[in-house]
Amino acid sequence: MTKTFQAVIWDFGGVFTTSPFDAFTRYEAAHGLPKDFIRTVNATNPLDNAWAKLEQSLVTAAEFDGMFREESKAMGHEVPGGEVLALLSGSLRPRVVKALSVCKTKGKVGCITNNAPVGKGASMTNDEAKARDVAKVFDMFDHVIESSKLGIRKPDPQIYALMCETLDVDPASCVYLDDLGHNLKPARDMGMTTIKVLNEDQLLSDLQAATGYELG
């Protein structure tokens, strides 16, 4: 028998949009950088590096540009942070947006996103049409937590607890989806059913299996 859930809680980038990691890989190939170099820079000193500071609004995009440049240079290849920021906003996945609308008819829906105060709104894009489309998706959620506004970021357990408190749901009756494994761990530790998003088809299949919702 399928478990009944009170809420489905979602990450945004790499879940509702194509993964920025794909854009990183293309950039690395075009610039003769080692594969996964940008992710390696972001994963080094992860609580205190330029990326961590940006997602908590502790530095501006201009400051991030210089900080990331220095961090990457220290690791062997100088990369301007501004060029990395330009890679962040992926394309929306319409089938995942449709799945969100189905989940919304069954219970509560929330979004916890680690984002940066760049571009137009939560989308981190300067493309006005894309920003409008993303804003419409954000409007579908019952509650959204943005790291850049709150000043704390995943995987801080506090951010997941705050979402459950705001939605007034028990973590054990929530599904949480994210494309990063280390962001799933705190949710799983609280009792949530977690789904690691690898691609669109797998996301829809795993979410349908967990919830029993007909996602098409």
> With the other protein chains left in place, how much accessible area per residue, in square angstrom, belongs to segment 1-56 at a 1.4 angstrom probe?
Replying inline: 47
>> Give me the net charge for the shell around residue 78: Cβ to Cβ below 9 angstrom, other residues only, Lys and Arg +1, Asp and Glu -1.
In response: +1
> Averaged over all directions, how much area does the convex hull of the C-alpha atoms of segment 117-159 cover when projected, in nm²?
Replying inline: 3.3
>> Given a 1.4 angstrom probe, I'd like the percentage of the accessible area of the chain that is carbon and sulfur, rounded to a whole number.
In response: 53
>> Between segment 18-93 and segment 95-162, what is the separation of their alpha carbon centroids in Å?
In response: 21
> So, in nm, how far is label residue 78 from label residue 105 when the simple model puts each one 7 Å beyond its Cα toward the Cβ?
Replying inline: 5.6
> Relative to the longest principal axis of the chain, what angle (0 to 90°, nearest 10) does the C-alpha long axis of helix 20-30 take?
Replying inline: 30
> Relative to the present Cα-Cα distance, how much length would full extension add between residue 133 and residue 200 at 0.36 nm per residue of separation?
Replying inline: 22.3 nm
> If r is the Cβ-Cβ distance from residue 19 to residue 168 and R0 is 25 Å, what FRET efficiency results, to the nearest 0.05?
Replying inline: 0.20
> What FRET efficiency comes out for the pair residue 36/residue 60, r = Cβ-Cβ distance, R0 = 30 Å, nearest 0.05?
Replying inline: 0.65
> Hey, can you rank 6-15, 59-68 by average C-beta count inside 10 Å, highest first?
Replying inline: 6-15, 59-68
> Kirkwood Rh over Cα pairs of segment 8-54 into Stokes-Einstein at 20 °C, 1.002 mPa s: D in µm²/s?
Replying inline: 178
>> Taking only Cα atoms of the chain, what ratio of Rg to Rh do you get with Rh as the Kirkwood inverse-distance radius?
In response: 0.97
> Which of the aspartates and glutamates could a cross-linker bridge to residue 73, judged by Cα under 18 Å and excluding same-chain residues fewer than eight apart?
Replying inline: 28, 36, 48, 63, 65, 83
>> Please report the antiparallel percentage of DSSP beta bridges with both residues in segment 2-161, rounded to the nearest 5.
In response: 10
> What is the spin-label model distance, in nm, from residue 189 to residue 152 if the labels are put 7 Å beyond Cα along the C-beta direction?
Replying inline: 1.2
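The values are calculated or read from the model by the stated rules, or taken from the named source; none is laboratory data. Please read these numbers as outputs of a predicted model, since none were measured by experiment. As a convention, Cβ positions derive from the backbone with ideal geometry for all residues, glycine included, and neighbour counts pool all protein chains shown. What goes into the accessible areas is simple: the full protein's heavy atoms, side chains included, and nothing from ligands, DNA or RNA. Shrake-Rupley method; radii C 1.70, N 1.55, O 1.52, S 1.80 Å.
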